1. What are the residues whose amide H is under 5 Å from the amide H of Leu77, where those residues sit 5 or more places off or on another chain and H is modelled from the backbone?
2. Each residue of region 178-186 in turn: what ³J(HN,Hα) in whole Hz from Karplus with 6.51, -1.76, 1.60 and θ = phi - 60°, glycine and Pro shown as x?
3. In whole Å, how far is the Cα centre of region 83-137 from that of region 45-67?
4. List the trypsin sites (Lys or Arg not before Pro) within region 10-88 that fall in a DSSP loop (any state other than H, G, I, E or B) and whose Cβ has at most 13 other Cβ atoms within 10 Å.
5. Under 18 Å from a label point 7 Å along Cα→Cβ of Trp51: give me every residue in region 158-193 with its amide N that close.
6. Collect residues whose amide H, placed 1.01 Å from N in the peptide plane, falls under 5 Å from the amide H of Cys156; neighbours closer than 5 in sequence don't count.
7. With every protein chain present, what is the per residue accessible area of region 145-193 (1.4 Å probe, Å²)?
8. If the limit is 19 Å between Cα atoms, which of Lys96/Lys120; Lys120/Lys148; Lys49/Lys148 go over it?
Amino acid sequence: MLFAAKHRKDRNFKLREDEVTSCILGPLSYMAPEDVWALFRVWLPFKVKMWPTETPTGADLSFWPNLENEGRTEPDLVVRFTNNAKPMLTVLFEIKWNSAISGRQELVNQWEALSDAEKKTAFHIYLVKDTGRGNRELIQSLTDSPKKLWQRRLVCIGWRSLIEILLYNRPKFGTAMNLWADGVIAFLQRRGQTTFTGFEWLADEMVSIAPEKELFWNPLPWFLIGDKVSTPSSAPVFWKANPDN
């Protein structure tokens, strides 16, 4: 599907959530552990000090595992990194495409299903299209389970963030990861996930730029408003990078 998207041969634009998850993240199962680790390090917005310092020698990706011995608690993806068979880091993913959270306890139950030892180094990712709604759902989940450890290790990120990260870091990846990145970018963009959709989403999306440093408003002088200007000596009304920062 990713190769079809890259060459504009894909025709099914009504994929279900699990199909999108499998299509985009499934190929990571075939990547080297250090490559998956490098991707997560630049994509997941956690402080440097929260990450283990060593590089993993193993990465186990488990899709839709049941974390409960009784009942059913099923995140979309659990990634367990190891170093010489020693547990390093667990990353839980709950992934949404068009749907909302499945009840107020969905994220709470996933976190609680981890062992106490695993929770100390785990990350919990809520990956969604609409980060505005996603963050509201996340806040409600934290209200239902106000645990400080979980609050520091639970984040909501958007599919757009993956496009941004892949576009920026693609030259740094290996051959296999670059091929995957090309397909993922095409797949998401052909389904409406673009890198710029207006400024409204900035309030809720987790982005790495600082708008006050990177963007500024450069209007025309008031006395030129309404006049015809054939060759302006300065940039017209536009958003652009500030060269002074």
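The values are calculated or read from the model by the stated rules, or taken from the named source; none is laboratory data. All values derive from a computational prediction rather than experimental measurement. Because the Cβ atoms are built from the backbone with ideal geometry, glycine has one as well, and the counts that use them run over all protein chains shown. Protein only, heavy atoms only, side chains kept; ligands, DNA and RNA dropped before computing areas. Shrake-Rupley method; radii C 1.70, N 1.55, O 1.52, S 1.80 Å.
1. For Leu77, whose amide H was placed from the backbone, the distant partners under 5 Å are Trp64, Phe93.
2. Residue by residue, region 178-186 yields 5, 4, 4, 4, 4, x, 5, 4, 5 Hz.
3. Cα centroid of region 83-137 versus Cα centroid of region 45-67: 12 Å apart.
4. When the trypsin sites (Lys or Arg not before Pro) of region 10-88 are filtered for loop state and at most 13 Cβ neighbours within 10 Å, Arg11, Lys14, Arg16, Lys47, Arg72 remain.
5. It comes to 158, 161-174, 177-178, nothing else.
6. Tyr126
7. Accessible area per residue, region 145-193: 44 Å².
8. Numbers: Lys96/Lys120 25 Å; Lys120/Lys148 11 Å; Lys49/Lys148 17 Å.
Checking Cα-Cα distances, Lys96/Lys120 exceed 19 Å.
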